[in-house]
Amino acid sequence: MRVATNGTELETTVRGSGPPIVLLHGWPHTRRVWETLDLPGRTVIAPDLRGLGDSAPADDGFDVATLAEDVLGLLDALGLDRAEIAAIDASVPTAFLLAARHPERVTRLVLMEGTLPGLPGGFETPPWWFGFHAVPSLPSTVLAGREEEYLGWFLRSVTDPLLKEAFVRAYSGQERLDAGFGFYREMAHNAELIRAAGRLRVPTLAIGGNVVGERLHRQLKPVTDNLLGELLDNCGHIVPLDRPDALSALLNPH
């Protein structure tokens, strides 16, 4: 379904019934990154983020404060007072800020394979593409027409060729490339927002694979009241594709 929220429209998959969980994808993914998860007894809500996938085009609003309001508006549109929020990769800062600012709307926060700009304990040296993606207009100009080669490097662990093709297609063309790079252009601003957010007071689970590993847990520990950590064996960066079994077990009701 297409859901109007916060001045944009998010294409959203809603399936199942039971306690709601909102799944926020990273870069360069779409909501389809979650489709192999088996979550019986849950209402699963998986949007394409602002400007990405099948959602409405957007050329601004990629800071975590705006993206968090997008998710709150999605909850409102679906008539949900509260939900569990799970996020991976580039969506981790958005989910963090949403839960810090609006703990009354979040039953539990699950963050995986991402880091939080502005907090110590992340990568000592940021990955090379962070700086490249943050340069306005340059990466989309350079990469337009070469999306398959470039994005394919980040998606090399995706074994389903049709899913990989769908991800590449979702970020093809300068407009969609620019929207995806919006996460990176806002990193300095997002760091300020994260530092000012205060403590996390909702139950929080940090999940690491073999890329971010324990870094996220290390960042969260000083600012989180109720924190658990899980480091998954034999798991790469794209947790729902690499270890859907383990992730489904962690997200299912206890």
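What are the semi-axes of the equivalent ellipsoid of the stretch 69-150, taken as the square roots of 5 times the eigenvalues of the Cα gyration tensor, listed largest first and rounded to whole Å? Mind dumping the intermediate values first?
Details: eigenvalues 182, 63, 22 Å².
Result for the stretch 69-150: semi-axes of 30, 18, 10 Å.
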>> Given the options 55, 27, 40, identify the residue whose Cα lies farthest towards the positive end of the charge dipole of the stretch 27-79 (+1 on Cβ of Lys, Arg; -1 on Cβ of Asp, Glu).
In response: 40
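Dipole magnitude of the chain about its Cα centre, charges +1 at Lys/Arg Cβ and -1 at Asp/Glu Cβ only, in debye to the nearest 20? Provide the component values of the computation, followed by the final result.
Details: 23 positive and 33 negative charges, 106 e Å.
Charge dipole of the chain: 520 debye, to the nearest 20.
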>> Restricting things to Cα coordinates, could you compute the convex hull volume per residue of the stretch 155-254 in Å³?
In response: 137 Å³
> For q = 0.14, 0.16 Å⁻¹, what log10 I(q)/I(0) does the stretch 196-254 give under the Debye formula with an equal point scatterer on each alpha carbon and no solvent?
Replying inline: -0.42, -0.53
>> Taking the Cα centroid of the stretch 4-44 and of the stretch 56-106, what is the distance between the two, rounded to the nearest whole Å?
In response: 12 Å
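Only sites in a loop by DSSP and with at most 11 other Cβ atoms within 10 Å count here; which GluC sites (Glu not before Pro) in the stretch 141-187 make the cut? Numbers along the way, then the final one.
Details: sites: 147, 148, 149, 165, 175, 186; in loops: 186.
Answer by residue number: there is no such site.
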> Tell me, what HN-Hα J-couplings in whole Hz come from the Karplus equation 6.51 cos²θ - 1.76 cosθ + 1.60 at θ = phi - 60° for each residue of the stretch 19-30, using x for Gly and Pro?
Replying inline: x, x, 9, 9, 10, 10, 7, x, 10, x, 10, 10
> How high is the FRET efficiency from residue 195 to residue 162, r the C-beta distance, R0 35 Å, rounded to 0.05?
Replying inline: 0.30
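With the Cα gyration tensor of the stretch 113-176 in hand, convert its eigenvalues to equivalent ellipsoid semi-axes via √(5λ) and list them largest first in whole Å. Intermediate values should be presented prior to the final figure.
Values: eigenvalues 115, 60, 17 Å².
Equivalent-ellipsoid dimensions as semi-axes: 24, 17, 9 Å.
Hey, can you find the accessible area per residue of the stretch 168-254 for me, probe 1.4 Å, expressed in square angstrom?
Working: 4130 Å² over 87 residues.
For the stretch 168-254, the per-residue accessible area is 47 Å².
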> Which values of log₁₀ I(q)/I(0), to two decimal places, follow from the Debye formula for the stretch 1-133 at q = 0.13, 0.16, 0.21, 0.22 Å⁻¹ with a uniform point scatterer at every Cα?
Replying inline: -0.52, -0.78, -1.35, -1.47
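Name the trypsin sites (Lys or Arg not before Pro) in the stretch 86-151 that are in a loop by DSSP and that have at most 11 other C-beta atoms within 10 Å, would you? Provide the component values of the computation, followed by the final result.
Values: sites: 101, 105, 108, 146; in loops: 146.
Here the trypsin sites (Lys or Arg not before Pro) that fit, given the DSSP loop and packing criteria, are 146.
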> Is the shape of the chain best called rounded, prolate or oblate, per the rule: a/c under 1.5 gives rounded, else a/b larger than b/c gives prolate, else oblate, with a ≥ b ≥ c the square roots of the Cα gyration tensor eigenvalues?
Replying inline: rounded
> Distance in nm between label sites at residue 54 and residue 234, each 7 Å beyond Cα in the beta-carbon direction?
Replying inline: 3.3 nm
> Once you charge only the Cβ atoms, +1 for Lys and Arg and -1 for Asp and Glu, what is the size of the charge dipole of the stretch 1-152 about its Cα centre, to the nearest 20 debye?
Replying inline: 380 debye
>> Could you tell me how far the Cα centroid of the stretch 177-193 sits from the Cα centroid of the stretch 209-247, in Å?
In response: 22 Å
>> Given axes a ≥ b ≥ c from the Cα gyration tensor, I'd like to know whether the stretch 102-218 is rounded (a/c under 1.5), prolate (a/b larger than b/c) or oblate.
In response: prolate
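The values are calculated or read from the model by the stated rules, or taken from the named source; none is laboratory data. What you see is a predicted model, and the numbers here were worked out from it, not measured in a lab. In this analysis, Cβ positions are derived from the backbone assuming ideal geometry, glycine residues included, and neighbour counts consider all displayed protein chains. Side chains are part of the model used for accessible areas, which takes the heavy atoms of the whole protein and leaves out ligands, DNA and RNA. Shrake-Rupley method; radii C 1.70, N 1.55, O 1.52, S 1.80 Å.
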